[in-house]
Structures are given as structure tokens and as C-alpha cells.
1. Tell me which of CYS261, ASN242, LEU230 sits at the most positive position along the dipole axis of segment 224-268, charges placed on C-beta atoms (Lys, Arg +1; Asp, Glu -1).
2. Rounded, prolate or oblate, given the Cα gyration tensor of segment 76-230, with a/c below 1.5 counting as rounded?
3. If one computes the Cα centroid of segment 232-284 and of segment 89-104, what distance in Å separates the two points?
4. Report the FRET efficiency, 1/(1 + (r/R0)^6), for SER122 and LYS87, where r is their Cβ-Cβ distance and R0 is 35 Å, rounded to 0.05.
5. Rounded to the nearest 500, what is the 222 nm mean residue ellipticity of the chain from helices alone, with -39500 (n - 2.57) per DSSP H run of 4+ residues and division by all residues?
6. Could you work out the Rg to Rh ratio of the chain, with Rh taken as the Kirkwood radius (inverse of the mean 1/r over all Cα pairs)?
7. Based on the alpha-carbon gyration tensor of segment 138-286 and its eigenvalue square roots a ≥ b ≥ c, which shape applies: rounded if a/c is under 1.5, prolate if not and a/b is larger than b/c, or oblate?
8. Students often get this wrong: which residues of segment 209-249 have the backbone nitrogen under 14 Å from the point 7 angstrom along Cα-to-C-beta of ILE25?
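Any read-out appearing in this document is the output of simple, stated calculations on the displayed coordinates, not a laboratory observation. Everything numeric in this text was worked out from a predicted model, so none of it was measured. Note: ideal-geometry Cβ built from the backbone for every residue, glycine included; neighbour counts use all protein chains shown.
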Amino acid sequence: MKLTAAQLARYKQDGFLVVNDFVDIASCDRLRRRAQQMVHDFDPHGLVSIFSTREQNRLSDDYFLGSGDKVRFFFEEDAFLPNGTLKQSKEKSINKIGHALHELDPVFSEFSRTPDIIQLVSDLGIEQPLLLQSMYIFKQPRIGGEVTCHQDSTFLYTEPQSIAGMWFALEDATVENGCLWAIPGGHKLGLRSRWLRSAEAGMKFEVFDSSAWPEERLVPLEVATGSLILLNGLLPHKSLRNRSAKSRHAYTLHVISADCCYPKDNWLQRPPEMPLRGFEVSSDRS
Ligand code: FE2
């Protein structure tokens with residue numbers, strides 16, 4: 001077991017669990033170096049033009065919605081000048097990389113299938129786990145944007161709810177640089193909305209409960225490098241803007257159970273030639 005009975009009970013009660021020192025510092029360094037290399041190799045010119053044309057919304061939506069089986073780069077909202085060029089270097093402008101690093105990049109694939117993670121997911125009782133989504137989040141100094149209060153199950157929905165999020169701190173996360181905030185026990189409030197593909201193309205929200213989140217109950221989850229924060233898919237959480245001079249890098253991985261129904265109107269879809277898979281190592285992709 002990677003988690004004790006007390007930790008599992010806490011996760012069930014709070015909807016989240018902080019596990020300190022889950023990842024060794026060398027592995028954190030390795031992921032950070034790999035992300036740095038990926039950004040270095042990334043040519044932003046085509047993408048900058050997507051975000052700066054008159055069709056910006058449609059094109060940037062397509063770029064996002066087609067990223068479930070790819071490694072794509074997303075900019076901070078504040079990254080652009082009015083003429084569509086970047087205000088500062090690409091290294092300081094990227095908000096995140098997503099959403100199939102765990103499939104397509106050898107370093108992230110290996111990390112996502114380490115024995116500790118496999119054991120952790122087993123401890124959570126997720127039958128036949130499938131790795132659904134991965135993101136490398138930069139939370140850039142000064143311009144790292146706010147992520148408003150949400151439930152991950154709004155965006156990645158299964159029936160019954162089976163999503164567990166793993167949030168690995170690759171740098172210290174503090175209130176100053178935009179750590180996570182969560183509502184303890186908030187996963188018991190039920191799913192408030194779904195973001196789904198609409199028949200007319202594009203996305204829409206289906207709202208089940210439009211009342212405001214009880215944000216006065218949010219608590220900051222300040223953690224040190226190497227910590228893991230486990231998140232129930234129904235847990236309301238957010239992060240504030242990073243106004244500090246320090247970045248706040250994190251890697252996230254979302255797991256579902258193959259036993260659950262994964263609807264075709266979720267935004268993240270895989271083509272038949274690249275089905276979701278679990279922890280088994282595949283030589284043809286990584
Ligand atoms: Fe989230």
C-alpha cells in the first residue's frame with residue numbers, strides 16, 4: 001500500500017489529500033528539464049498566428065479540442081500584444097502543455113507509470129485504470145493566470161464519477177505564487193455543471209446548479225516540491241493569479257476507470273487508432 005487507511009479515510013472525507021515527498025527531487029528536476037526542452041524546441045510562429053487572427057476564437061477552440069491525443073502548447077492570456085505578437089519570450093509566455101504527454105513523450109510516459117503511481121491508483125480502488133489526460137502547468141511569474149473555482153468532472157465526466165486527479169508539485173507552491181485552493185468536503189456538493197460538445201459543433205455548459213461556490217470555505221494547499229495532491233473529480237478547487245517573481249510548475253495526471261461510461265460528448269476524445277490505455281508499457285508510442 002502506498003496510502004494508509006487513515007489517508008484514504010481523509011481523502012474520502014475531504015475530497016483531496018496532500019502526500020508530502022511523493023516524488024523525489026531528481027524526478028521533479030527531470031520533468032522540469034524535459035518541459036524546458038520541449039518549449040525550447042517548440043516553434044510558436046504558426047500558433048501565434050492562430051491566436052492573433054480574426055478567427056481567433058474558433059481556431060483556438062479547435063486547437064484545444066483537438067489536443068486530447070497530442071502534445072500542444074497553450075499561452076497565458078496576457079501573453080500577447082494587441083498586434084498579436086508575444087510580449088516576452090515564448091519561455092515566459094506558455095501557460096501549459098497538454099493533453100497527451102503521458103502517451104507521446106517518453107519522459108512523461110515513464111514518470112506517469114512509475115510503481116508508486118500504479119500502487120497509489122490501486123489503493124484508491126480504481127478498477128482497470130486508464131490514463132486520460134496530462135498537463136504540464138507553468139503558472140508563470142507575474143502573468144500566470146487565475147483558474148476559477150471548478151470541478152474537474154465538469155470537463156472530464158464519467159458515469160459513475162470515477163475521475164481522480166494527481167497534481168504533482170514540481171516547485172514549491174505557495175499562496176504568493178498561486179497554489180491550489182480547495183473546499184474541504186466540497187466533493188459532496190454534487191456536480192454543478194458539464195462542459196460538453198453540442199450538436200451544432202463547439203462546446204456548451206449544461207448547468208445543474210447555478211448557485212455560487214461557498215468560496216469562503218476554500219483553504220490554500222501550500223506544498224513543497226515533490227508533494228502530490230490527490231483530487232476527487234467533484235472537488236471544487238481553484239488557483240489565484242501568480243503575482244510573484246517565482247514560477248509554480250506542476251504536472252497533472254487524470255485517471256478514470258475503464259468500468260465507467262466515458263461519454264462521446266466529453267471534450268477530450270481519442271481517435272480509434274490511439275485508444276486510452278492504462279499503466280502497461282507500450283513500445284510503439286514511447
Ligand atoms: Fe482542475
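1. ASN242
2. Working: a/c = 1.32, a/b = 1.11, b/c = 1.18.
In terms of gyration-tensor shape, rounded.
3. Spelled out, the Cα-based centre of one part sits 14 Å from the other.
4. Working: r = 45 Å, r/R0 = 1.29.
According to the calculation, E is roughly 0.20.
5. Values: 8 runs with 69 residues, N = 286.
Calculated from helices alone, the mean residue ellipticity at 222 nm is -6500 deg cm²/dmol.
6. Numbers: Rg = 18.2 Å, Rh = 19.5 Å.
Answer for the chain: 0.94.
7. Working: a/c = 1.78, a/b = 1.24, b/c = 1.43.
Oblate, because a/c is 1.5 or more while a/b does not exceed b/c.
8. Counting only backbone N, you get 224-227.
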